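First the structure, in the form of structure tokens, and then the observations on it.
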Amino acid sequence: MNIPFKTRITDLYGIRLPVIASGLMWLAEPVYVAAVARAGLIGFMTSASFPDPAALRAGIRKCRELSEGKPFGVNIMIRVSRDGTDRVTPLIDTVIDEGVKYVETAGNNPEAYLKRLKDAGIIVLHKVPGVRYAKKAESLGVDAVTVVGAEAGGHPGIEPVGTMVAAAAAVRAIRIPLIVAGGIGTGAQMVAALAMGADGVAMGTRFLVSEEIWAHRKYKERLVAAGETDTTLLLQSMRNTQRALKTEHVAMIQQLEREQADTKTLLPHIMGPIARKAYETGDYEQAMLSCGQGVVFADKIEPLAAIVDRLEAEARAAMDRLHYIYRALPQAAAGRAT
Ligand SMILES: Cc1cc2nc3c(=O)[nH]c(=O)nc-3n(C[C@H](O)[C@H](O)[C@H](O)COP(=O)(O)O)c2cc1C
């Protein structure tokens, strides 16, 4: 019998492996998030992908129906809209009203919304691109924190730090359950994170090639073919650094940045609907699509459950390797333990 993986994160969410499927703009919608839940992990539906709170409500209901009683959550981006409107509170009202138990916040400081979420009994995981933000989140009273390193798809922070360093530094600094992310796409990496003292890992890019992600097959085939050097950082000039797949569109934005284009010039090229259209048509060259260096591990289009099974098998193989090393060198191991 396989010994279960048990950490503070598997306990917090009641999941089979300490792996979180983090929010994915346009892509983490009910079918995918429910597949994550049925595979025994927890996924977070991206509230920003829904046009309004009513659509989010319908999405939550659909996800609940498809999840077969397994846990799932909602990702909420904490941000101030350009026109100053509070778009966060209506999303929080909706998740509370719908009885969602798990929320992943990201973006700005969640302080203003935390009390309402906690009063509603919601478990709040806050995601940050650096240890100092994690410490701040811990001091505010979030239940768990995700620290994202430089390899990550999406926002690795304005001063990206590699996941190996970010994770080890976070372990020293943080007492609440800690998840690390950024370039993680194998079970062996998950074991490495646990060995460093983290309670779990989060993944985004690895799951993009799952069959339940609705995006066009041509896009997924590009990801399968991609290696670890096929992503790049951009938008540093806007202090909004992103890691995305290298595409013609991204090269054009990077050229504009070299020419010191201002935010007003850049904005039309990074609008969300451009990415959404590329996911629909498969014409990935014409968009900026978040993608992490761990794309090298996204090697096959297959059902989400098959990816999770592979992660588990890889994790168990990694544990076996460590047991073997430990057993093969009893004196060295004992010596090191003292
Ligand atoms: C296509 C894509 C879209 C993403 N969209 C969001 C988002 O809307 N909100 C968010 O909090 N994080 C978003 N992220 C970041 C992920 O939630 C996660 O932090 C990241 O993917 C982890 O690093 P990895 O890609 O190396 O696994 C996105 C990542 C990708 C790859």
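Structure data summary
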quantity	calculated
Reach of LYS6 by Cα under 20 Å, taken over aspartates and glutamates that are not fewer than 8 positions away in the same chain	ASP143, ASP199, ASP309, GLU312, GLU314, ASP320
Lys, Arg +1 and Asp, Glu -1 on Cβ, resulting dipole of the chain about Cα centre, debye, nearest 20	740 debye
Max mean-square fluctuation residue, GNM over the chain, Cα-Cα springs under 10 Å, options LEU41, LEU322, LEU117	LEU322
Fraction of beta bridges assigned by DSSP in the chain that are antiparallel (%, nearest 5)	15 percent
GLU280 paired with GLU68, simple spin-label distance in nm, labels 7 Å along Cα-to-beta-carbon	3.2 nm
Ranked packing of 206-214, 103-111, 55-63, most packed first, by mean Cβ within 10 Å	206-214, 103-111, 55-63
Highest-first arrangement of 179-187, 275-283, 129-137, where packing means the average Cβ count within 10 Å	179-187, 129-137, 275-283
Rounded if a/c under 1.5, otherwise prolate or oblate - region 1-138, Cα gyration tensor axes	oblate
Listed peptides 87-98, 2-13 by packing density, highest first (mean Cβ within 10 Å)	87-98, 2-13
The chain: relative contact order as a whole-number percent, Cα under 8 Å and 6+ apart	16 percent
Residue-span extension gain [ARG132 to HIS269] - 0.36 nm each, minus C-alpha spacing	46.2 nm
Computed helical MRE - 222 nm, the chain, DSSP H runs ≥ 4 contributing -39500 (n - 2.57), nearest 500	-13000 deg cm²/dmol
In Å², nearest 10: area of GLU248 left accessible to a 1.4 Å probe	110 Å²
Magnitude of the charge dipole, region 195-338, Cβ model with Lys/Arg +1 and Asp/Glu -1, debye to 20	300 debye
Other-chain or far-sequence residues with amide H under 5 Å of THR105's (modelled H)	ILE76, LEU125, HIS126, LYS127
Region 225-293, relative contact order [Cα under 8 Å, separation at least 6], %	40 percent
Extension gain from ARG321 to THR229, taking 0.36 nm per residue of separation minus the Cα-Cα distance	30.3 nm
Two-site label geometry, GLU248 and ARG57: point separation in nm, points 7 Å out along Cα→Cβ	4.4 nm
Neighbourhood net charge (9 Å Cβ-Cβ; Lys/Arg +1, Asp/Glu -1) for VAL74	-2
Segment VAL31-ARG258, length gained on full extension (0.36 nm per residue, minus Cα span)	77.7 nm
TRP214 versus ASP83: modelled label distance in nm, points set 7 Å from Cα along the beta carbon direction	2.5 nm
Listed residue pairs exceeding 25 Å between alpha carbons, taken from LYS62/LYS135; LYS101/LYS246; LYS127/LYS218; LYS62/LYS277; LYS220/LYS264	LYS62/LYS135; LYS101/LYS246; LYS127/LYS218; LYS220/LYS264
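The values are calculated or read from the model by the stated rules, or taken from the named source; none is laboratory data. Computed from a predicted model, the values in this text were never measured in an experiment. All Cβ positions, glycine included, derive from the backbone under ideal geometry; neighbour counts span all protein chains shown. Just so you know, the surface numbers come from the protein's heavy atoms only, side chains and all, with ligands and any DNA or RNA stripped out. Shrake-Rupley method; radii C 1.70, N 1.55, O 1.52, S 1.80 Å.
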